[in-house]
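This report refers to the structure that appears directly beneath it.
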Amino acid sequence: MASSVVITEDVRLYDIAEEYKNRGYKVTVSPPAKKLPKFLSRFRPDLVAEGAHESVVVEVQSPSRKRGSDYWTALSDVLQKHPGWRLDLVLNGASERPPKTIDEQLVRTRLDEGRSLAEQGMLAASLLITWSAIEAAMRLACSRNDVELPDLRTATVITRLYTDGVIEREEYDFLVKSMRVRDKVAHGFEQRGIRAGSLRRLERISLRLLD
């Protein structure tokens with residue numbers, strides 16, 4: 001149950017991001033402190049949407065990521081002092097305690113399974129199992145490299161690995177693009193053009209993060 005909620009939160013956040021982009025806003029998902037305006041640098045917003053006439057701080061509130069009342073009070077006070085900024089609080093459903101990440105050996109097993117599926121031409125199935133492996137590998141890499149994770153959403157994990165120097169910008173861009181493809185496949189939307197080469201690259205990144 002908890003893992004499905006994390007995925008749902010992640011998809012919901014990107015849906016919100018697309019909504020703001022379509023309305024002409026410049027959107028940053030899980031922005032690191034150095035990319036935030038100075039008055040927001042002590043907060044951890046899920047998304048910032050900057051527009052010509054207003055800018056919005058978006059927070060997705062759910063039991064899987066707790067925010068204390070002091071956090072909301074401080075954030076609201078700061079935004080009130082900066083005209084043109086407002087808070088968009090999105091409420092999500094309840095969840096259980098986040099599950100434990102699979103260990104390194106099981107990650108490698110899933111990568112082998114993903115490679116086997118790709119060799120059989122089952123690229124969509126390969127993507128799903130390979131992506132489960134790379135998500136686990138990324139969280140293990142965060143733990144090993146003391147990367148602080150405010151929550152377990154995939155977008156946050158990828159962003160923090162990049163801002164902490166564990167992955168390069170090219171890998172960051174590739175992983176974000178791959179995540180969107182994976183989300184479409186996992187949730188039953190049409191997605192063409194899954195490439196075997198991209199699956200192999202996901203495997204290589206996973207192995208590098210493990211090593």
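The values are calculated or read from the model by the stated rules, or taken from the named source; none is laboratory data. Predicted model only: the values in this text are computed from it and were never measured. A quick note on method: Cβ atoms are made from the backbone with ideal geometry, for glycine too, and the neighbour counts reach across all protein chains shown.
The table below lists the values:
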| read-out | value |
| --- | --- |
| Top-ranked residue in segment 179-195 [being surrounded by 13 or more Cβ atoms within 10 Å (Cβ to Cβ) and among the hydrophobic types (A, V, I, L, M, F, W, C); ranked as nearest to GLU104 (Cα to Cα)] | MET179 |
| Long-range neighbours under 7 Å by Cβ, at least six apart or interchain, first residue assigned to a loop (DSSP other than H, G, I, E, B) within segment 185-196, second at pLDDT below 85 | HIS187/VAL11 |
| Test: residue in segment 141-151 that is surrounded by fewer than 20 Cβ atoms within 10 Å (Cβ to Cβ) and part of a helix (DSSP H, G or I) | yes |
| Criterion: of a type outside the set (Asp, Glu) and surrounded by fewer than 18 Cβ atoms within 10 Å (Cβ to Cβ) - qualifying residue of VAL176, VAL157 | VAL176 |
| Flag for GLU135 being buried (at least 20 other Cβ atoms within 10 Å of the Cβ) and assigned to a helix (DSSP H, G or I) | yes |
| Residue within segment 114-137 that is closer than 24 Å to LEU47 by Cα, in contact (Cβ under 8 Å) with a residue 40 or more places away in the chain and in the same structural domain as LEU202 (by TED's automatic domain parsing) present | yes |
| From the options ASP46, ASP10, residue that is assigned by TED's automatic domain parsing to the domain that holds ARG86, at pLDDT below 80 and within 15 Å of THR159 (Cβ to Cβ) | ASP10 |
